[in-house]
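First up is the structure itself, then whatever we jot down about it.
Any read-out appearing in this document is the output of simple, stated calculations on the displayed coordinates, not a laboratory observation. All values derive from a computational prediction rather than experimental measurement. Every residue, glycine as well, gets a Cβ built from its backbone with ideal geometry; the counts of neighbours run over all protein chains shown.
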Amino acid sequence: MTALNLLCLPYSGASAMVYSRWRRKLPAWLQVRPVELPGRGSRMAEPLQTDMQALARQLAAEQRLAAQAPYALLGHSLGALLAFELAHELQALGCRPPVALFACGTAAPTRREDYDGDNWRDAKTDEQLKAELRELNGTPEEVLANDELMSLTLPILRADFLLCGRYAYRQRPALQCPLHVLGGTDDRASDEQLLDWRKETQGEFSLRMFPGGHFFIHEHEDPVLGALAESLEPHRLSA
């Protein structure tokens with residue numbers, strides 16, 4: 001039996017390798033495939049991207065082969081928006097639709113003004129970016145105080161926030177695949193902002209909340225992975 005591919009898009013400032021440990025925890029029939037973005041990790045030499053549509057098109061061309069086999073898409077925060085755009089771009093290339101799209105930890109594409117406002121349409125200073133990291137409560141203070149590490153991280157984070165801040169929703173036919181939204185009970189995205197994801201698909205929709213803040217996918221990793229495997233189990237035979 002061929003594995004079902006789970007293409008995972010990273011959140012702001014992160015390498016796709018944040019998902020690498022999931023390979024050891026998910027069942028063997030579910031193959032985690034972290035999608036590295038230009039300008040980080042193994043693609044550090046490539047220029048950073050601040051145009052969501054252009055980035056989604058680039059990734060669709062790169063992932064077209066992977067999409068020939070049954071696959072699901074998952075993204076957290078920025079990665080959720082990117083996974084949504086990637087699903088549309090793969091569809092435009094004539095690829096099969098994903099068996100499911102998982103959008104974690106962010107407001108629906110139509111609610112970006114409510115969620116981001118005008119805060120991230122312009123590049124922010126290093127101190128403003130550090131303040132945002134502190135508010136999200138996912139970066140240890142010793143990391144924020146490490147100037148060498150921050151000199152590598154902040155340019156990536158700045159570009160990623162511009163990706164979100166300059167994101168422009170485009171009206172298109174709704175996706176056909178199931179769309180599962182995961183949220184943190186203490187995260188900034190409201191229930192209404194999360195529920196509006198249901199407008200983006202004609203397929204099954206679900207919203208599942210987990211304890212914790214923005215990084216609930218790591219704080220409560222085992223329950224999150226259990227929910228992923230449970231949702232994808234019906235699609236196991238399609239692989």
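Annotations
- Rough spin-label spacing in nm, given labels placed 7 Å along Cα→Cβ, for T125 and T110: 3.9
- Taking 7 Å steps out from each Cα toward its Cβ at V143 and A28 produces label points 3.3 nm apart.
- In a DSSP loop and with at most 13 other Cβ atoms within 10 Å, the trypsin sites (Lys or Arg not before Pro) in region 132-239 are R170.
- Calculated FRET efficiency for the pair D191/R166, C-beta based, R₀ 30 Å, to 0.05: 0.70
- Residue with peak Gaussian network fluctuation, the chain [Cα springs, cutoff 10 Å], from S42, S15, S77: S42
- Of all aspartates and glutamates in the structure, those lying under 19 Å Cα to Cα from K199, and not within fewer than 8 positions of it along the same chain, are E85, E89, E113, D114, D191.
- Each peptide in 102-109, 54-61 was scored by the mean count of other Cβ atoms within 10 Å over its residues; highest first, the order is 102-109, 54-61.
- Region 70-86 and region 196-239 have Cα centres separated by 12 Å.
- Rounded to the nearest 20, the Cβ-based charge dipole of the chain about its Cα centre (Lys and Arg +1, Asp and Glu -1) stands at 1020 debye.
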